[in-house]
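All of the numbers you see were taken from the coordinates with simple rules; none came from a lab. All figures in this text were calculated on a predicted structure; none of them were measured in a lab. Cβ placement follows ideal geometry from the backbone for every residue including glycine, while neighbour counts extend to all protein chains displayed.
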Amino acid sequence: MARTLINLPRNPKRGEVIEIRTLIQHGMETGYRPGPNGVTQQRDIIRSFTCLFNNEEVFRAELHQAIAANPFLEFSMLVTESGILAFTWSGDNGFEQTETRALTVA
């Protein structure tokens, strides 16, 4: 499993727009660089990221070869209720990781 960092506000209020920040450690190989043996390395990148709130999609990003290693994503969301956020990264070579966090609004 890749190391992930997810930053949520501590005490969001109902009706507030919050900022969510995520980072996942992943080397991201573009598939264009030669390896130590001179053969082009196989592409290995994260292709998509989705965030669900109570099983409803609130954010999606499609990523391509130009994305940096260890991608950092930030997005906003209007909070109307408490619930569960599910963050899913998926990519080449069968890579997929999901992390969940509870969000409690006042």
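The table below lists the values:
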| quantity | calculated |
| --- | --- |
| In the range 15-106, GluC sites (Glu not before Pro) in a DSSP loop with at most 11 other beta-carbon atoms within 10 Å | Glu81 |
| Derived scalar couplings ³J(HN,Hα) [the range 59-66; Karplus, 6.51 cos²θ - 1.76 cosθ + 1.60; whole Hz; x for Gly, Pro] | 7, 9, 9, 9, 10, 9, 3, 7 |
| Ranking of Val105, Val17 by count of other Cβ atoms within 10 Å, fewest first | Val17, Val105 |
| Relative exposure of Arg14, Arg43, judged by other C-beta atoms within 10 Å (fewest first) | Arg14, Arg43 |
| Note, ³J(HN,Hα) from phi for the range 29-43, Karplus 6.51, -1.76, 1.60, rounded to Hz, x at Gly and Pro | 9, 6, x, 10, 8, x, x, x, 8, x, 8, 4, 6, 5, 4 |
| Qualifying chymotrypsin sites (Phe, Trp or Tyr not before Pro) in the range 33-74, DSSP loop, other Cβ atoms within 10 Å at most 16 | none |
| Relative intensity, log₁₀ I(q)/I(0), of the chain from a Debye sum that treats every alpha carbon as a point, q = 0.16, 0.22 Å⁻¹ | -0.72, -1.15 |
| Karplus (6.51, -1.76, 1.60) ³J(HN,Hα), θ = phi - 60°, over the range 83-91, in Hz, Gly and Pro reported as x | x, 10, 9, 10, 9, 10, 10, 9, x |
| Relative contact order (percent, whole number), the range 1-82, Cα cutoff 8 Å, 6+ residue spacing | 36 percent |
| Candidates Thr50, Thr80, Thr40: whichever shows maximal mean-square fluctuation once the chain is modelled as a Gaussian network with Cα springs under 10 Å | Thr40 |
| For His26, His64, order by how many other beta-carbon atoms lie within 10 Å, fewest first | His64, His26 |
